[in-house]
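Undergrad: Structure provided below as structure tokens; questions to follow.
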Amino acid sequence: MTPEAHLKRLRASFAADEYTVAEVIEATKRTFDNLRKEMDERISALERRVKELESKRGTK
């Protein structure tokens, strides 16, 4: 489930009184923590790729 879809589901559930405010806040924090982790992983992969390409360029 995408983060946007997850938040949309949380909003709908909250509107239906299925979750407390604290539960929605906690789920939102987890969603953003997961997004941050995913973005950090992507950034690290891009940095590794840049270093790899720079090293190849330097050997030519």
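Undergrad: Write down the accessible area per residue of the chain in Å², having rolled a 1.4 Å probe over the full set of protein chains.
TA: Heavy-atom SASA per residue in the chain reads 89 Å².
Undergrad: May I ask you to compute the full-extension gain from SER55 to ASN34, defined as 0.36 nm times their residue separation minus their alpha-carbon distance, rounded to one decimal in nm? Kindly include the intermediate steps, with their values, before the conclusion.
TA: Details: separation 21, 0.36 × 21 = 7.56 nm, distance 3.17 nm.
Length gained between SER55 and ASN34: 4.4 nm.
Undergrad: Taking only pairs that are 8 or more places apart or on different chains, how many Lys pairs in the chain have Cα atoms under 27 angstrom apart? If you can, show how the numbers build up before the last one.
TA: Working: LYS8/LYS29; LYS8/LYS37; LYS29/LYS37; LYS37/LYS51; LYS51/LYS60.
So the count works out to 5.
Undergrad: What 222 nm value per residue comes from the helices of the chain, counting each DSSP H run with n ≥ 4 as -39,500 (n - 2.57) and dividing by all residues, nearest 500 deg cm²/dmol?
TA: Working: 2 runs with 52 residues, N = 60.
Using -39500 (n - 2.57) per qualifying helix, the result is -31000 deg cm²/dmol.
Undergrad: Something else now. Starting from 0.36 nm per residue, how many nanometres of slack lie between SER13 and ARG42 once their C-alpha separation is accounted for? Intermediate values should be presented prior to the final figure.
TA: On the way: separation 29, 0.36 × 29 = 10.44 nm, distance 3.10 nm.
Going from the current span to full extension adds 7.3 nm.
Undergrad: Shifting gears a bit: Based on Cβ point charges of +1 for Lys and Arg and -1 for Asp and Glu, what charge dipole magnitude is obtained for the chain about its Cα centre, in debye rounded to the nearest 20? Don't skip to the answer; put the middle values down first.
TA: Values: 14 positive and 12 negative charges, 121 e Å.
My answer is approximately 580 debye.
Undergrad: Which angle between 0 and 90 degrees, to the nearest 10, do you get for helix 21-59 versus the longest principal axis of the chain when only C-alpha atoms count?
TA: Orientation of helix 21-59: about 10 degrees from the principal axis.
Undergrad: If you compute volume of the Cα convex hull per residue in Å³ for the structure shown, which of (1) 59; (2) 123; (3) 78 do you land on?
TA: (1)
Undergrad: Tally Lys and Arg at +1 and Asp and Glu at -1 over the other residues with C-beta under 14 Å from the C-beta of LEU46: what net charge comes out? Mind dumping the intermediate values first?
TA: Working: positive: ARG42, ARG48, ARG49, LYS51; negative: GLU38, ASP40, GLU41, GLU47, GLU52, GLU54.
In short, -2.
Undergrad: Given SER13, PHE32, LEU53, which one lies farthest toward the positive end of the charge dipole of the chain, if we put +1 on the Cβ of every Lys and Arg and -1 on the Cβ of every Asp and Glu?
TA: The residue sitting most towards the positive pole is LEU53.
Undergrad: With axes computed from alpha carbons, what is the tilt in degrees of helix 3-15 against the longest principal axis of the chain, rounded to the nearest 10 within 0 to 90?
TA: Once rounded, one gets 10 degrees.
Undergrad: With a 1.4 Å probe and all protein chains left in place, how much of the accessible area of the chain comes from carbon and sulfur atoms, in whole percent?
TA: 56
The values are calculated or read from the model by the stated rules, or taken from the named source; none is laboratory data. The structure displayed is predicted, hence computed values, not measured ones. Counting neighbours? That spans all protein chains shown, and the Cβs are built from the backbone with ideal geometry, glycine included. To get the accessible areas, we keep the full protein, side chains included, count just its heavy atoms, and leave off ligands, DNA and RNA. Shrake-Rupley method; radii C 1.70, N 1.55, O 1.52, S 1.80 Å.
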